[in-house]
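Just below is one structure, and these are the notes that go with it.
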Amino acid sequence: MEKRKLSFWDIWNMSFGFLGIQMGFALQNANASRILQNFGADVHELSWFWIVAPLTGLIVQPIIGYYSDRTWTKLGRRRPYFLTGALLASVGLVLMPNADMFIAIMPSLWVGAGMLMIMDASFNVAMEPFRALVADILPSDQRTLGFSVQTILIGIGAVIGSWLPYVLTNWFGVLNEAEPGEVPTNLILSFIIGAAVLVISILITVFTTKEYSPEEVAQFPVDSKHEESEVEEKSSLLNIFSDFKKMPLTMRQLSSVQFFSWFGLFGMWVFATPAIAHHIYGLALDDSHSLAYNIAGDWVGILFGVYNAVSAVYAFFLPAIAKKIGRKKTHAFSLVVGGIGLISVYFMPNENWLILSMLGVGIAWASILAMPYAILAGSIPPKKMGVYMGIFNFFIVIPQIINALIGGPMVKYFYGGDAIYALVVSGISFLIAAVLVVRVKDVDDAVIIKS
C-alpha cells in the first residue's frame, strides 16, 4: 500500500492551522518584550524572561512527539495535540497583555512572564505534531511542497499578527499609548483577535483532514534508506533517551545548522524593538514608556510582518529551487541572504530602509521553516516520526536557552546597553549556519533533483 498523493487544497487545509499558530506566535515575538518592558523589565533582563519559553519546549516537545506516535482517538493521531495546544495558547494570548488585572495577587511582570511561558509551551504542543502530520500523510515527493505550504501559511499568519497593532492604531484609531505599568489598547485587542483566529484555523484543519489509521500505516512499505531499522521495541517514555543516542546521521548534522539558525532568530526576536528604538529612532536606552517608543515598537511589528510576507512568497518558489539545485544549496543560499539582511540593520540610515533588511531575513525564515524538515523527514523511520520531530526541537530550543542566558549580560556588559549589536551577532550566526549546511547528508536530494 502506498500513500496517496493529495491535491494542493488538501495540503492547504491540512496545514491551515499553522496560520493561526503563527499569527499568535508573531504577536508574541513582536510584542512580548515591549509588554514586559511596560510591566517594568529592563532591557538586559528581557532574554531571561524569554528563557522559560524554550525551556518548556525542551521538555514538552519530545514527550508530545512520543505520545503522539502512540495515540489514536476519534480525532486521529496528531490532531488532539495541536487542538489542545491551540486552546491553551489562546488563553495565554488573552491574559498576557492583561496581566495587570492580577496585580492584587502578584506583580504584573511575573504574571506576564507566566503567560509567555504558557503561550510558548502551548505553541510547542501544537507545532511539532503539525510537522509530523505532513510527514505522516504525504509521500516523499510531496513533502517539500507540504512544508512549503506550511511556510506560506506561517507567513500569512505572521504578517497579520505582526501588522495588526499598527493597523488597529493607524486605520481604526485604537490607542497605542498607555500609562506606565499598563499595555496599550491596540496590543490588548490584537492579542484577543489572535486568540480567536488561532482556535478557528485549528478547527478547520481538525475537521478537514483525515489521518491514516494504525492499520493503514502498518501496510506502508519500510524504506530501505532509513538509517534506523523498524525493529519493534518495548514501549517506554525512556525510549526518548535511547532514540536521542541513535538519531540518524542526517539529524546529527542538521543539529549544528539549527543551532546557529535559531540562536540568531532568538536574538532578533528579543532585542529588535530596543535595538531599533535606540539605534534608528535615537531614543534613550531606558525609554520604554513614551509614545515614541510605542511608535518604534509598532514599526518593528511592521518589519516583522515584512519578513514574514517575504517568506510566504519565497516559500512558493522553494520546491522549484530545491528541485533545480538541491535542498542543501537552497538552504545555504537563503541563510546567507538572511545573515546579510540582519547585519545591514546596523548600517541603515532610517526606519524605512529597514524594510530592505527584512527582505533578506524573510528569505532565510522561509527556508528555516521548510528545508531542514524536508531534509530530515527522509531519514526518519515512519513509526518514530513524532518522537524524532520532537527530539529535533532540542536543536531549536537549546540555542534559544543559551542566547537567553548570555544575551542580556552581553548587551549590558559588552555592548554598553546597545542592543543593535545583538542583531549583528544574529546575522553572523546565520552565516555560520549556511557554511555548516553544506556537509549535511540529504538522503532524498538526488531523487528530488532528478524527478
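The values are calculated or read from the model by the stated rules, or taken from the named source; none is laboratory data. This structure is a prediction, so every number in the text was calculated from the model and none was measured. Reconstructed Cβ throughout: ideal geometry from the backbone, glycine too, with neighbour counts over all protein chains shown.
Brief remarks follow.
- Count of residues meeting criterion [among the hydroxyl-bearing types (Ser, Thr, Tyr) and modelled with pLDDT of 85 or more] in the stretch 277-300: 2
- Test: residue in the stretch 350-360 that is within 30 Å of residue 140 (Cβ to Cβ) and of a type in the set (A, V, I, L, M, F, W, C): no
- Tally, over the stretch 337-363, of residues that are among the aromatic types (Phe, Trp, Tyr) and either touching a strand residue (DSSP E or B) at 6+ places or on another chain (Cβ under 7 Å) or surrounded by 24 or more Cβ atoms within 10 Å (Cβ to Cβ) (or both): 0
- The single residue among 205, 250, 209 that is at pLDDT 90 or above and of a type in the set (Ser, Thr, Tyr) turns out to be 205.
- Flag: residue 404 matches the condition of being crowded, with 19+ Cβ neighbours inside 10 Å, modelled with pLDDT under 90, of a type outside the set (Phe, Trp, Tyr) and touching a helix residue (DSSP H, G or I) at 6+ places or on another chain (Cβ under 6 Å).
- Candidate set from the stretch 195-220 (those that are touching a Ser or Thr at 6+ places or on another chain (Cβ under 8 Å) and farther than 19 Å from residue 10 by Cα); member that is surrounded by the fewest Cβ atoms within 10 Å (Cβ to Cβ): 196
- Verdict on residue 94 being in a helix (DSSP H, G or I), at pLDDT below 85 and out of contact with any Gly (no Cβ under 6 Å at 6 or more places or on another chain): no
- Residue in the stretch 355-363 that is within 18 Å of the chain's Cα centre (by Cα) and closer than 18 Å to residue 254 by Cα present: no
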